[in-house]
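Working notes for the structure below.
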Amino acid sequence: MKDYFKKQLDTRKIKYGDIRYEKNNETLINYEGRELKDIKETYREGGHLRLYNNGSKVVGSFSEAKDLPKTMEKLINYSKLAGEFQKHEVKIKKAPTIKDKVLTEINNDPRDYSLADKKELLKKYNDLAIKQKHVINTKFRYRQFYSNRLFINSEGSVIEYDLLCSNIVGAIIAKKDGVVQVKRIAFGGYPEFSNLIDRKDDILREIDILQKMLDAEPIKAGTYPIVINPQLASVFIHEAFGHLSEADIIKNNPAFRKKLQIGKEMGKEIITVIDDPTIKNVPGSYIYDDEGQEGRKTELIKKGMLAGRLHSRETAYSFSEPLSGNMRAVDTNFPPIIRMSNIFINKGESSKEEIFNSIEDGYYLLNGKGGQTTGDQFTFGAEYGYKIKNGERKEMVRDINISGELFETLKRISMVADDLTFNEVGGCGKGDPMQLNMFSGKGAPHIKIDQANLGGQ
Amino acid sequence: MNKMDEISKNFDKAEFLKKEVDKLKIKIENWDLENITQKNLVSSSLRVIKDNKFGSNYTFGNSERTFNKLIAGARESAYYGEKAKFDFSRQKLNKKSLFNKDKFGKNDGKKLFGFIKDLLYYIEQKEKDITFNLRLNKSSSKISLKTTNQAELFEKNTNYQLRFGAPVPGGGSQISRTLEQDAMFEDICIDEINDFLQDYRNSYETSSPKTGNMPVLFSPNSLYFLFVSLNEGVSGKKVYQNISPLVDKRGEKIFSEKLFIVDKPHMKKSSSRRYFDDEGIKTDRTKIIDEGVLKNYIYDLEYSEKMKVEPTGNGLKKALFQENISVPVTPSFINPVIETGNKTKKQLLSEIDEGIYVTNVIGFHSSNYEQGHFSVQAQGFHVKNGILQGRLQDVMMAGNIYNDFNNVIGIGDKLYPSMFGYAPYLLLEKISVTGR
């Protein structure tokens, strides 16, 4: 297959081309309530072709290797047409030619367990949750994804690599006196399957919180100082800042390119934000991205100043900045786009107690439940929270959303704790249509934001 | 041996769904071509019953190898699966003839670029300093479904979708418009461009109302959060599971009597249009809300069987942010439409003494939307005496659709695509807004 793909690239007069061919195996098991809704092991394959030709970029997906010549022909024709229309030639940064084969090596491989074993494990967790007081429904899902990828480009790179993960995510839904609340759980096997075993106590702990959420009052909308826990702080840095550090988001937005120049003051000296695919055993770890580049650690904010951003070869050329190796594709349906690997706020020097003690009247908010950004505007939800009065954690609150403008909010981060923690399960939505990437990690310590806009009921 | 014969040989009963999609997308960013995307993809799903147990599988690709793996996976799925709870379709339908023979069917690249050039030229003459973005999609699909119950259904669709917009001054959120048709656009939609430019020119300044309850004018684009929440409410699955807030509410008034919401799967210009669902059940116009009264729930095969009612042709492979072959079937609107009223956007704005005009909502899925709650960032404009004062900044809006949509003041006279379904402009009497 390598020779066939190479020949397709070599025999055409194209400026630059690359092919990514994937063979993907996915295992899915879903419980809803007491019912097993879905159990399957799937296989799919296909390819993606990218050409930089006649000054333009044209990309296409194909279902089978034999369809490649037809796709190539179409794309070359589109590039000719586009060339007449293109105002500025699209160029890519020079990059090393790489020939390598890197396959995952782990101790506890999910592929060594039978479908029956995985079903049994998920059923055990689901059964435990569904029998608890006030629980009216559950959704438990096991997902295992293995992608074997071959990358070949017209410059001579040939890389075989893979991605592997397994995870269990669940939503437990409880109802009491007309109030419905949802508690999410997430256990990640990135890549070790053993992380998913023996988690009963974690489920019971989450259900205990859920029971309390049913009796909590909705938060009162307004502006408050807040402490957010590592899970929620990591969602904040991913959603609000991380996406703006992806150069394709701002490449063609002159106002943001001006706002986000390297060296710009983004926040106080205590803030350092890093993206790093080389950290082991977290969701966004990889050696090579889907553009044939080595994944590298990138300091995005260093001591409060904008220090770097995430790039493709195209944006690295456009910004005259170093390559970072952040081009990732969810599967062959899509071209790679710039995505965070493992983004995190680096640990600070304050203790959690010191942060609490600094707040007279505010909130402690925990765990993200989804977020969305457009430009510099963000909104994300917190699963639950607590009132803080004179440094002490008080009554629980629920139905919490936080919104704001990134640049102002970053400047309002006044304390960073020393307890950096990574989320077990990865996830990121980006693109049009939305592409959900499960190999995207995030982490943070507790942080304090002096003033946050909270929406409630 | 053909594929259905091979499937019949392996299973007691089976349903084979195949989707072939041919897509072309031209993307312009800041006036220049960003890229062209071409997709030719085949995906298939197989649902089976073997030894009275249910199984399923899916794959991409059309080779013998992927087909064999599809069958093997479905066999394993049924082996571990639970008792089958419903039977597959027996219906027949052929909608080949509806395939659009529009004049841009061939040699479309050149024609599409010509259209884009005209549109860019028009806008450049009017407002050359904006950061103008555009995306033009052409999508052709062939969908076929066969079952061992002799169901045989086929449809072809072609759609064109145009989305254009610009980030507000300073580069933040985007003001945009979306249009779609079943044939290539005949002209460059001057009315919509001018309306977009008018909104854009009002976004230079920021202005936010004081916190309180106030009238809210929703743009069609922003109303997708209503459709998503209502979809959860009327889903036969959520009703069966007793999670929906609309359990036992059929026949009751849940919204303003001014609201009529209908699922219109055959709406010609909609890119969501379907003549049968992903289970081979013919789709049909379904009244959901009539004068504010809940008329119907929507069902797929599984939940129609569980609730002993007829399926409504709403079984789609669709989830909140995903619609593809890998997603299990669930009851979903195909093309929900809020019926138009008789007021222009200008008339609706003129009815606001002080309030907001919302062009987009951010973060609705972080709220408990299954129960109708919303707590979102409102993007749009502050309105005083019918005049836009400037774009909103740091404004949130919270409530519950089953309370707030009881107070509709007026409805626009024209339909536009929302991110999900179609809607006119809609003016509500009051919503809780957190502003200054």
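Given the criterion under 28 Å from A:P433 (Cα atoms) and either within 14 Å of chain B (Cβ to nearest Cβ) or over 18 Å from the mean Cα position of the chain (by Cα) (or both), identify the matching residue among A:R257, A:R309, A:R296.
The unique qualifying residue is A:R257.
Working only within region A:15-62, note down all residues that are among the acidic types (D, E), at the interface with chain B (Cβ under 10 Å from one of its Cβ atoms) and more than 29 Å from B:I49 (Cβ to Cβ).
A:E22
Would you check if A:E89 is within 27 Å of A:Y286 (Cβ to Cβ), outside the structural domain of A:R296 (by TED's automatic domain parsing) and either touching a Gly at 6+ places or on another chain (Cβ under 6 Å) or touching a residue at least 24 places away in the same chain (Cβ under 8 Å) (or both)?
Here the answer is no, as A:E89 does not meet what is asked.
Right, B:S256: in contact (Cβ under 8 Å) with a residue 24 or more places away in the chain, part of a loop (DSSP other than H, G, I, E, B) and within 14 Å of another protein chain (Cβ to nearest Cβ) or not?
No: the conditions fail for B:S256.
Do any residues in region B:162-191 that are free of Cβ contacts under 8 Å to residues at least 12 places away in the same chain have Cβ atoms under 7 Å from those of residues that are of a type in the set (D, E) and in a loop (DSSP other than H, G, I, E, B), where the two are at least six apart or on different chains, and which pairs are they?
B:G172/A:D376
Looking at (1) among the hydroxyl-bearing types (S, T, Y); (2) surrounded by fewer than 19 Cβ atoms within 10 Å (Cβ to Cβ); (3) closer than 23 Å to A:E239 by Cα, which is the one condition that is false for A:S358?
The single condition A:S358 does not satisfy is (3).
So which residues in region B:273-319 are among the aliphatic types (A, V, I, L, M) and surrounded by fewer than 16 Cβ atoms within 10 Å (Cβ to Cβ)?
B:M307, B:V309, B:A319
Taking only pairs six or more apart or across chains, which ones have beta-carbon atoms under 9 Å, a first residue in region A:206-232 that is outside the structural domain of A:A417 (by TED's automatic domain parsing), and a second residue that is part of a helix (DSSP H, G or I)?
Note: pairs meeting the criteria are A:E206/A:A129; A:I207/A:L128; A:I207/A:A129.
Tell me yes or no: at least one residue of region A:425-447 is away from every other protein chain (no Cβ under 14 Å), in a strand (DSSP E or B) and farther than 25 Å from A:L310 by Cα. Outline the logic, then answer.
Here is the first cut: in region A:425-447, the residues away from every other protein chain (no Cβ under 14 Å) are A:425-426, A:439-447.
Next cut, in a strand (DSSP E or B) only: A:441-444, A:447.
This time we only want the ones that are farther than 25 Å from A:L310 by Cα, so: none.
No.
Considering only residues that are over 18 Å from B:D278 (Cα atoms) and touching a Lys or Arg at 6+ places or on another chain (Cβ under 8 Å), which ones fall in region B:64-80?
Of everything in region B:64-80, those that are over 18 Å from B:D278 (Cα atoms) and touching a Lys or Arg at 6+ places or on another chain (Cβ under 8 Å) turn out to be B:T66, B:F67, B:G73, B:R75, B:E76, B:S77, B:A78, B:Y79, B:Y80.
Looking at region A:335-354 only, could you name the residues that are part of a strand (DSSP E or B) and over 20 Å from A:F236 (Cα atoms)?
A:I337
Looking only at residues that are among the small types (G, A, S) and assigned to a strand (DSSP E or B) in region B:384-411, which one is farthest from A:S403 (Cα to Cα)? Reasoning before the result, please.
Restricting attention to region B:384-411, the residues satisfying the condition of being among the small types (G, A, S) are B:386, B:390, B:398-399, B:410.
Right, trim to assigned to a strand (DSSP E or B) and you get B:390, B:398-399, B:410.
Numbers: B:G390: 19, B:A398: 12, B:G399: 16, B:G410: 29 Å.
Ranking the candidates gives B:G410 first.
Let me confirm something: among A:Y190, A:Y161, which residue is hydroxyl-bearing (S, T, Y), in the same structural domain as A:Y43 (by TED's automatic domain parsing), modelled with pLDDT of 95 or more and on the phi < 0 side of the Ramachandran plot?
Result: A:Y161 is the single residue among A:Y190, A:Y161 that is hydroxyl-bearing (S, T, Y), in the same structural domain as A:Y43 (by TED's automatic domain parsing), modelled with pLDDT of 95 or more and on the phi < 0 side of the Ramachandran plot.
Can you name the number of the only condition in (1) at pLDDT 95 or above; (2) on the phi < 0 side of the Ramachandran plot; (3) out of contact with any strand residue (DSSP E or B) (no Cβ under 6 Å at 6 or more places or on another chain) that A:S350 fails?
Single failed check for A:S350: (3).
With the requirement that a residue be within 11 Å of chain A (Cβ to nearest Cβ) and over 16 Å from B:P336 (Cα atoms), what does region B:390-426 give you?
B:R391, B:L392, B:Q393, B:D394, B:V395, B:M396, B:M397, B:A398, B:G399, B:N400, B:N403
Just for region A:412-424: of the residues that are part of a loop (DSSP other than H, G, I, E, B) and not polar (S, T, N, Q), which one is nearest to the other protein chains (Cβ to nearest Cβ)?
Here the answer is A:R412.
Out of B:S173, B:S229, which single residue is at pLDDT 95 or above, under 22 Å from the mean Cα position of the chain (by Cα), surrounded by 22 or more Cβ atoms within 10 Å (Cβ to Cβ) and of a type in the set (S, T, Y)?
Sole residue among the options that is at pLDDT 95 or above, under 22 Å from the mean Cα position of the chain (by Cα), surrounded by 22 or more Cβ atoms within 10 Å (Cβ to Cβ) and of a type in the set (S, T, Y): B:S229.
Can you pull out the residues in region A:63-116 that are among the polar types (S, T, N, Q), surrounded by fewer than 19 Cβ atoms within 10 Å (Cβ to Cβ) and within 14 Å of another protein chain (Cβ to nearest Cβ)? Steps first, answer last, please.
Residues of region A:63-116 among the polar types (S, T, N, Q): A:63, A:71, A:77, A:79, A:86, A:97, A:104, A:107-108, A:114.
Next, only the ones that are surrounded by fewer than 19 Cβ atoms within 10 Å (Cβ to Cβ) stay: A:77, A:86, A:97, A:104, A:107-108, A:114.
If the condition is that a residue be among the polar types (S, T, N, Q), surrounded by fewer than 19 Cβ atoms within 10 Å (Cβ to Cβ) and within 14 Å of another protein chain (Cβ to nearest Cβ), then A:N77, A:Q86, A:S114 are the ones that fit.
Kindly provide the set of residues from region B:422-436 that are modelled with pLDDT of 95 or more and in a loop (DSSP other than H, G, I, E, B), ordered by number.
The answer is B:P424, B:Y425.
Do you know which residues across region B:180-224 are hydrophobic (A, V, I, L, M, F, W, C) and either surrounded by fewer than 16 Cβ atoms within 10 Å (Cβ to Cβ) or at pLDDT below 95 (or both)?
Across region B:180-224, the qualifying residues are B:A183, B:M184, B:F185, B:I188, B:C189, B:I190.
Does A:G325 satisfy the condition of being part of a loop (DSSP other than H, G, I, E, B), away from chain B (no Cβ under 14 Å) and surrounded by 22 or more Cβ atoms within 10 Å (Cβ to Cβ)? Give the steps one after another, and end with the answer.
Working: part of a loop (DSSP other than H, G, I, E, B): yes; away from chain B (no Cβ under 14 Å): yes; surrounded by 22 or more Cβ atoms within 10 Å (Cβ to Cβ): yes.
Yes; evaluated as a whole, the condition is true for this residue.
I'd like to check which strands (runs of 3 or more DSSP E) are fully inside region B:13-100 and have at least 2 residues that are in contact with a strand residue (DSSP E or B) (Cβ under 7 Å, 6 or more places away or on another chain), facing chain A (nearest Cβ under 10 Å) and over 30 Å from A:R34 (Cβ atoms).
Of the strands (runs of 3 or more DSSP E) lying wholly inside region B:13-100, those with at least 2 residues that are in contact with a strand residue (DSSP E or B) (Cβ under 7 Å, 6 or more places away or on another chain), facing chain A (nearest Cβ under 10 Å) and over 30 Å from A:R34 (Cβ atoms) span B:13-29, B:32-50.
Do we have any residue at all in region A:36-48 that's within 18 Å of B:Q38 (Cα to Cα), surrounded by fewer than 19 Cβ atoms within 10 Å (Cβ to Cβ) and in contact with a Gly (Cβ under 7 Å, 6 or more places away or on another chain)? Before you say what the answer is, go through the steps one by one.
Just the residues of region A:36-48 that are within 18 Å of B:Q38 (Cα to Cα), to begin with: A:45-48.
So of that shortlist, the ones also surrounded by fewer than 19 Cβ atoms within 10 Å (Cβ to Cβ) come out as none.
No; the residues of region A:36-48 include none that is within 18 Å of B:Q38 (Cα to Cα), surrounded by fewer than 19 Cβ atoms within 10 Å (Cβ to Cβ) and in contact with a Gly (Cβ under 7 Å, 6 or more places away or on another chain).
Within region A:156-229, considering only strands (runs of 3 or more DSSP E) that don't extend past its boundaries, which have at least 3 residues that are within 23 Å of the chain's Cα centre (by Cα) and small (G, A, S)?
A:158-176, A:179-189
Here are the criteria: (1) crowded, with 21+ Cβ neighbours inside 10 Å; (2) farther than 30 Å from B:G171 by Cα. Tell me which single one B:S326 does not satisfy.
(1)
Of the conditions (1) modelled with pLDDT under 95; (2) assigned to a loop (DSSP other than H, G, I, E, B); (3) more than 9 Å from every other protein chain (Cβ to nearest Cβ), B:P311 satisfies every one except a single condition; which number is it?
Condition not satisfied by B:P311: (1).
Contact list please: Cβ distance under 8 Å, first residue in region A:98-114 and charged (D, E, K, R), second residue at pLDDT below 95, pairs at least six apart or on different chains.
Every condition considered, the pairs that remain are A:D109/A:P191.
The values are calculated or read from the model by the stated rules, or taken from the named source; none is laboratory data. What you are looking at is a predicted structure, and each value in this text was computed from that prediction instead of being measured. All Cβ positions, glycine included, derive from the backbone under ideal geometry; neighbour counts span all protein chains shown.
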